[in-house]
Amino acid sequence: MADKKDSSLIAERSADPAERLAAANHALRTPLASVIAALELLQEAVLSRSGGTRQSLVAAALENAERLAAVVEQWLDMERLDTGAVPMQSRPLELSSLVSALVAELGRPDRARLEFTPPSCGACARISGDPARLSQALSHLIGAASNRSAPELPVKLALAVSDKLVALTIEDDAPHPAAGDLGLLIAGVIVKRCGGSLRMERRPERGSRLAIEFPRLAEGA
Amino acid sequence: MNAPLRKILHVEDDVSLQRLVRVVLEQIGGYAVETVGDGVRALEAARQAVPHLVLLDLDLPGMSGLSVLREMRATEALRTVPVVFLTAAADPRLMDESRALGVSEMLAKPFRPRLLVQSIEQVLARHAHGG
């Protein structure tokens, strides 16, 4: 499909004001549309016939107001990270353990199966990073891939280690996501601030591959 | 005997907005509404039972709203079905391309429910008069 980017470095997209604006535009306007529609329907009292109830409209307005609050928080978080207002608490960590824990935490019977292939060398995927922030970024990426995928289509994660690099890939066979994923842009900023890179590649019709690379820490570092 | 309700196919991936637009269109507009969450399903549904109008989001997972419109214009049975975009996107290039493909109306999110119904009424009236 020509109107979607096929491959992109997420940190570059995060730094692009037009990309940020497009993401915020979508992320803010959709829940705002629900809030306004729900409140106007309540005001108009058109619910005497079948269909919605006052309670369900109030619930929809509240739910979407909370979504809006979450988007604002995400946006502020991205600005804080990007400007360095939030320091990264980087330390040596083993990425394989972190990914295994996230896979166990995020796997659900009603969602796509998460298949993780750790590196053959065992606990050798040592990198430097902020564990809490990396968990935030990877949770979003893994969770979003799982949510988009049909339950029968697995999301495949693989961790490979070379002399200098630790590379994590997350592959799905789901339809391409719609625009407006602020979480993806934030993940790009976090990975970059941990010294790594995050690239998204899309196959022509469906399916995405996220490639996340970090410099590997030497033994004993 | 009452005339059959005019059918609107609403294509939107946000579940909350799907529900609310259905209430707006059914209860304020008096339309019959079919809702789908992506472009592929939209084309399947439209081919199966041609709607009077398609209310289409631009940013959809998988196939974009613009691709759905392009595909509709290339399909004999759907070529003249009026399409209204209801979108958060504000890219002028998308607007230009949509107009070139003959979109009937472009409405921005957030929207006022009554104005949405009025716009749809106007598009259907124009269409009925060959506009």
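The values are calculated or read from the model by the stated rules, or taken from the named source; none is laboratory data. Everything numeric in this text was worked out from a predicted model, so none of it was measured. With ideal geometry, Cβ positions are generated from the backbone for all residues, glycine too; neighbour counts draw on all protein chains shown.
Selection of first residues in region B:53-74 that are closer than 10 Å to B:V40 by Cβ and of second residues that are β-branched (V, I, T), restricted to Cβ pairs under 7 Å at least 6 apart or on distinct chains, gives the following pairs, ordered by first then second residue: B:L60/B:V11; B:G62/B:V40; B:M63/B:V40; B:V68/B:V11. Among the residues of region B:46-61, count how many are in contact with a Pro (Cβ under 8 Å, 6 or more places away or on another chain), hydrophobic (A, V, I, L, M, F, W, C) and within 14 Å of chain A (Cβ to nearest Cβ). Within region B:46-61, residues that are in contact with a Pro (Cβ under 8 Å, 6 or more places away or on another chain), hydrophobic (A, V, I, L, M, F, W, C) and within 14 Å of chain A (Cβ to nearest Cβ) number 0. Filter region B:23-45 down to the residues that are buried (at least 17 other Cβ atoms within 10 Å of the Cβ), over 25 Å from A:A150 (Cα atoms) and in contact with a strand residue (DSSP E or B) (Cβ under 6 Å, 6 or more places away or on another chain), then identify the one that is nearest to the other protein chains (Cβ to nearest Cβ). This residue is B:E26.
Comparison of A:A18, A:A60, A:A37 shows that the only residue that is loosely packed, with under 13 Cβ neighbours inside 10 Å, in a helix (DSSP H, G or I) and either within 14 Å of chain B (Cβ to nearest Cβ) or modelled with pLDDT under 90 (or both) is A:A18. Number of residues in region A:75-116 that are over 18 Å from the mean Cα position of the chain (by Cα) and in a loop (DSSP other than H, G, I, E, B) equals 9. Annotation: of all residues in region A:117-168 being outside any helix (DSSP H, G or I) and within 14 Å of another protein chain (Cβ to nearest Cβ), the one that is surrounded by the fewest Cβ atoms within 10 Å (Cβ to Cβ) is A:A150.
Out of the residues in region B:52-61 meeting the condition of being assigned to a loop (DSSP other than H, G, I, E, B) and within 11 Å of the chain's Cα centre (by Cα), tell me which one is farthest from B:F85 (Cα to Cα). Result: B:H52. If you go through region A:174-194 and keep only what is in contact with a His (Cβ under 8 Å, 6 or more places away or on another chain) and within 14 Å of another protein chain (Cβ to nearest Cβ), you end up with A:A178, A:A179, A:G180, A:L184.
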